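Following: one structure in structure tokens, then a few remarks.
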Amino acid sequence: MNKKIDVISVIGPTASGKTRLAVEIARKLNGEVVSADSMQIYKNMDIATAKPTTEEMCGVPHHLIGFLDPEQTFSVARFVKLAGQAAADIHNRGKMPVICGGTGLYVDSLLNNIEFAEGDTDEELRKELYLKAEKEGVQSLISELAQFDPQSAENMNTGNVKRIVRAIEIYRTTGITLTEQNRRSRLRGTPYAPVKIGLKAKDRQYLYDRINKRVDIMVQSGLLEEAKDFFKTECGKTAVKAIGYKELEPYFNGSITLEQALEELKKQTRRYAKRQLTWFMRDAEIKWFDIDTYTDVKELDEDVFDYIGRKLKK
């Protein structure tokens, strides 16, 4: 039996400091970072997605960042394939794969080695379901899904219409529910032995203040100019969902003020962080570190490195 691949996973809500910590872990353990962010995959969408800069990468190679045109769509199935290839390549070169990102579905699907029935598609059915969501609301799709896959329906977020549509489509085209598909995938086992590190704040307001400050810094760094350029492109169904662009569109159209747009952006980012935490808190294997209980990042890093060292020795 082949030995499983050691990987470090750094997860948590937006603005919690995942990127910095992942880089520090990679530097200490001779590793490379594999991004698990559904928006950082796109080219030119740098500021809105908080894509790490060259300086922030500190010479550590990063994978699956800025490689796809915004006009193209992307799926979790494709992520699992590409991230799996990257992790295997890093491991085979004698280095440590460090998975870093806040897209929970991506992280879980990769580490649990979930296999997706990517080929079973029905474009007409897909159009029909999106139309139903427009006319009757997203909840109508969740209610439909609950009739044959109540477990998936319970875990669905109304903001992720694409995933709800996909769950219905999988069942209609294969006769197998998403829940059953995931169960079968888990029976195959995973090639990974992950050490899961989570960053959060004991005081939720502390995290929200960091989010608000990050938005202000994004604006100073050129977010408005980047968003204007984005709306000139034929953006794909996945890329157009990026928080940081859609909230600014009403401002560009002249229907709200810049102050209103930025307040909406901050609010939606805080809500996204809350959804991220809800997703990740279900995983009992994650070791959480509260960033607001440390006087500086060096103290945090010491505790994290100590934990990783103990886990890797087992």
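Show me the chymotrypsin sites (Phe, Trp or Tyr not before Pro) within segment 14-77 that DSSP assigns to loop and that have at most 16 other Cβ atoms within 10 Å of their Cβ. Show your work: numbers first, answer last.
Numbers: sites: Y42, F67, F74; in loops: F67, F74.
For chymotrypsin sites (Phe, Trp or Tyr not before Pro) across segment 14-77 that sit outside H, G, I, E and B with at most 16 neighbouring Cβ atoms in 10 Å, the list reads F67.
So for segment 123-186, averaging the separation of alpha carbon pairs under 8 Å that are six or more residues apart and normalising by length, what relative contact order in percent results?
Relative contact order, segment 123-186: 28 percent.
Please enumerate, by chain and number, the aspartates and glutamates with C-alpha under 12 Å from the C-alpha of K314, excluding those fewer than 8 residues away in the same chain.
Result set, ordered by chain and number: D6.
Which aspartates and glutamates, on any chain, are close to K132 with Cα under 15 Å apart, when same-chain ones fewer than 8 places away are left out?
E123, E124, E144, E169
Along each principal axis of its Cα atoms, how long is segment 127-214 end to end? Whole angstroms, biggest number first, please.
Between the extreme Cα coordinates on each principal axis of segment 127-214 lie 44, 40, 19 Å.
Could you give me the ³J(HN,Hα) list for segment 263-280, computed from phi with Karplus coefficients 6.51, -1.76, 1.60 and θ = phi - 60°, whole Hz, x at Gly and Pro?
With the stated coefficients, segment 263-280 comes to 5, 5, 4, 5, 5, 5, 5, 5, 5, 5, 4, 5, 5, 4, 4, 4, 5, 6 Hz.
Check M96: other-chain or 5+ apart residues with amide H under 5 Å from its amide H, H built from backbone geometry?
G31, E32
Please order R172, R282 by the number of other Cβ within 10 Å, starting at the fewest. Walk me through the numbers before you get to the answer.
Working: R172 14, R282 10.
With the sparsest Cβ surroundings first, the list reads R282, R172.
Arrange the peptides 48-59, 286-297 so that the one whose residues have, on average, the most other Cβ atoms within 10 Å appears first.
Details: 48-59: 15.9, 286-297: 14.4.
The packing order, highest mean first, is 48-59, 286-297.
Per residue of segment 188-205, what does 6.51 cos²θ - 1.76 cosθ + 1.60 with θ = phi - 60° give for ³J(HN,Hα)? Whole Hz please, x for Gly and Pro, Karplus curve as stated.
Each residue's phi maps through the Karplus curve to give 6, x, 10, x, 10, 10, x, 9, 9, 10, x, 10, 8, 10, 5, 9, 4, 5 Hz.
Can you pull the Rg over Rh of the chain, Cα-only, Kirkwood?
0.96
By per-residue mean of other Cβ atoms within 10 Å, what is the highest-first order of 194-200, 122-128, 246-252?
Working: 194-200: 22.4, 122-128: 11.9, 246-252: 18.1.
Averaged packing, sorted descending, gives the order 194-200, 246-252, 122-128.
V240 to Q205: FRET efficiency via 1/(1 + (r/R0)^6), r the Cβ-Cβ distance, R0 22 Å, to the nearest 0.05? Don't jump to the answer; show the numbers that get you there.
Details: r = 31 Å, r/R0 = 1.40.
Calculated transfer efficiency: 0.10.
Of G94, G104, G31, which has the largest mean-square fluctuation in a 10 Å C-alpha GNM of the chain?
G94
Which residues' amide hydrogens lie under 5 Å from the amide hydrogen of V195, considering only partners 5 or more residues apart or on another chain, with H built in the peptide plane?
For V195, whose amide H was placed from the backbone, the distant partners under 5 Å are V7, I8, S9.
Counting helices only, and only those DSSP H runs with n ≥ 4, report the 222 nm mean residue ellipticity of the chain as the sum of -39,500 (n - 2.57) divided by its residues, in deg cm²/dmol to the nearest 500.
It lands at -16000 deg cm²/dmol.
Coordinate-derived values only; no laboratory data. On a predicted model such as this, the values are computed, not experimentally measured, just so you know. No Cβ is skipped: glycine too gets one built from the backbone with ideal geometry, and neighbour counts run over all protein chains shown.
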